[in-house]
Amino acid sequence: MVIQEVTRPVNPLDQAIAALIQAPFEERLEPLRHALPPSLVQSLDALAGGRADALMLDALAGGLADIGLSAAAVAAYGIAAAACPPGELDLFCAEVMDRLASMESRLGLAWSAQADRRVARRLRGEIDPDEECPALESAGFHVVDAWNQPEPYARLLEEHGADQLRNDPLRDPFRAKGNFFAAADSPVPRQKQDFSFFVCAESGNPVLQVECDVDGRRHLGCRETAIRPVAIGGWGASPQAEDLAMRQVHLAAAWAGCHSLLFELGALEEASATQLAYLRRFSSGARSMAEAWVDLSREGEAISGDYRTNHRRGIRWGERNLEIHRRMATDVEALDAYFDLYRQAGRLAPLGRDTLIRQLEAGWLSLFLATWNGEEVSLLLTSHHGSTSYYSCGVSRPGLGVPLSHALMHRAILDAKAMGQSRFHFGDIYTESFGSDKMRSIAQFKIGFTGRVIPKLWFTLPTRPSP
């Protein structure tokens, strides 16, 4: 269901430059040098050599547009936007998307222009709540979604939303969604949009629930994980209902200006025939992922027996040298330490102060703080979803060269067990080389606390031609 609006090249030179921008190989540039101004050749040289940043690519797009090479200009604007680091250049990216949309509009690419303007507005925090994303209906089934129909959707969510997802810390439609949409203490105005929906039968009863949303200009996903439809009430959904759900997520992604959506399966053999047909037709490839958790129904010694040797060594060091306490919402020093440690680490705190206080008071979050020689050095936050506790986030003072997090995590696991929780969940685990060194290091840290690692697959499904 890729939206097939494609800019037609005005001549062979336009076509060749657009192809070069899409796949920047130096050998493609050589035959074109004589036909372009030196400034554009310099920018294309930087692109082919991997040295072009977003500002240079935006200037390249403008230069190509000025000499009438429309297909190449559209391609350059697309990769200029893609080159903007999320959160850092959102307002500049919005300007690029506006320029791209204006050009698409002049070329008669109405759907693409409207979608890219939505991205620009979202990056500025200027979402129009009256603009309606199409909601599909077919074969006796219809969609009730959070964006177009917030009140009917909220009623269905209250009545049925917790059936399958209350214990899923990644897709919990109440607390996980609330944390994702809560405003952090950030100067960046970028906003998020909720496109979650139910597929309902003619009777109005929901048969499928799909949690999905978008943040800025990223793919359509589900908070920090992938989209995974769930059947309501434990029954398998009909092929017609599944088909409608898959078409709705595709449509929502394209309407929102996303170039792809992220879809999850536990394993290929778990997929229905309808899902497999969509994956075969639209997927651009699968990534191996995993989830990891600790079974808290076991005794404490059995739990710690799964820890890796290095983790147990780090725990022993922490128990000798650190003071670890669970802190309350009224503990002003702990709240200040939360933001201070994130600032020292050069990271943005994921929750703002008001949200943090409110959820600590409600018992939805637990905050653990470690001090060393009287100074706050490490912090860990867990969230609670039904009978599952979740490692939400953690941060340590950088540069100390000692294991600050291991004993803190061990304390959080035992605390969740004492609360009567059944699982301590570590979330998604990146198991392949596509992740950064940091992501692989985080994965190894999480896996080191549990022997329960469950494989799964993530599929990328394009919804528009790639920039």
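The values are calculated or read from the model by the stated rules, or taken from the named source; none is laboratory data. Worth saying up front: this structure is predicted, and the values here are computed from it rather than measured. Please note: Cβ atoms are built from the backbone with ideal geometry, for glycine as well, and neighbour counts cover all protein chains shown.
Looking for something in contact with a helix residue (DSSP H, G or I) (Cβ under 9 Å, 6 or more places away or on another chain), farther than 30 Å from Ala176 by Cβ and not assigned by TED's automatic domain parsing to the domain that holds Pro229 - is there at least one such residue anywhere in the stretch 126-138?
No: zero hits.
Just give me the residues in the stretch 323-337 being in a loop (DSSP other than H, G, I, E, B) and closer than 18 Å to Glu375 by Cβ, in sequence order.
Asp331
If you check Asp172 against the conditions, is it buried (at least 18 other Cβ atoms within 10 Å of the Cβ), at pLDDT 95 or above and touching a strand residue (DSSP E or B) at 6+ places or on another chain (Cβ under 9 Å)?
Against the criterion (buried (at least 18 other Cβ atoms within 10 Å of the Cβ), at pLDDT 95 or above and touching a strand residue (DSSP E or B) at 6+ places or on another chain (Cβ under 9 Å)), Asp172 does not qualify.
Within the stretch 309-336, which residues are at pLDDT 95 or above and either closer than 17 Å to Gly352 by Cβ or of a type in the set (D, E, K, R) (or both)?
Arg312, Arg313, Arg316, Glu319, Arg320, Glu323
What about Ile79, is it hydrophobic (A, V, I, L, M, F, W, C), at pLDDT 90 or above, part of a helix (DSSP H, G or I) and more than 30 Å from Gln193 (Cα to Cα)?
Spelling it out, it is not the case that Ile79 is hydrophobic (A, V, I, L, M, F, W, C), at pLDDT 90 or above, part of a helix (DSSP H, G or I) and more than 30 Å from Gln193 (Cα to Cα).
Exactly one of (1) surrounded by 14 or more Cβ atoms within 10 Å (Cβ to Cβ); (2) more than 29 Å from Phe282 (Cα to Cα); (3) without any contact (Cβ under 8 Å) to a residue 40 or more places away in the chain; (4) over 28 Å from the mean Cα position of the chain (by Cα) is unmet by Arg28. Its number?
(2)
Taking the criterion of being surrounded by 17 or more Cβ atoms within 10 Å (Cβ to Cβ), at pLDDT 90 or above and either within 13 Å of the chain's Cα centre (by Cα) or part of a loop (DSSP other than H, G, I, E, B) (or both), would at least one residue in the stretch 175-191 satisfy it?
Checked the stretch 175-191: no residue is surrounded by 17 or more Cβ atoms within 10 Å (Cβ to Cβ), at pLDDT 90 or above and either within 13 Å of the chain's Cα centre (by Cα) or part of a loop (DSSP other than H, G, I, E, B) (or both).
What about Val249, is it part of a helix (DSSP H, G or I), more than 27 Å from Val453 (Cβ to Cβ) and outside the structural domain of Ala94 (by TED's automatic domain parsing)?
Yes, satisfied.
Residues checked against (1) surrounded by fewer than 23 Cβ atoms within 10 Å (Cβ to Cβ); (2) modelled with pLDDT of 95 or more:
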| position | (1), (2) |
| --- | --- |
| Phe368 | yes, yes |
| Asn373 | yes, no |
| Leu379 | no, yes |
| Gly386 | yes, no |
| Gly399 | yes, no |
| His406 | no, yes |
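Scan the stretch 87-102 residue by residue and report those that are surrounded by fewer than 21 Cβ atoms within 10 Å (Cβ to Cβ) and either over 23 Å from Asp213 (Cα atoms) or in contact with a Gly (Cβ under 6 Å, 6 or more places away or on another chain) (or both).
Once the filter is applied, which keeps residues that are surrounded by fewer than 21 Cβ atoms within 10 Å (Cβ to Cβ) and either over 23 Å from Asp213 (Cα atoms) or in contact with a Gly (Cβ under 6 Å, 6 or more places away or on another chain) (or both), the stretch 87-102 yields Arg99, Ser102.
Tell me, yes or no, whether the stretch 303-322 has at least one residue that is closer than 16 Å to Phe424 by Cβ, outside any strand (DSSP E or B) and free of Cβ contacts under 8 Å to residues at least 40 places away in the same chain.
Scanning the stretch 303-322, I find at least one residue that is closer than 16 Å to Phe424 by Cβ, outside any strand (DSSP E or B) and free of Cβ contacts under 8 Å to residues at least 40 places away in the same chain, so the answer is yes.
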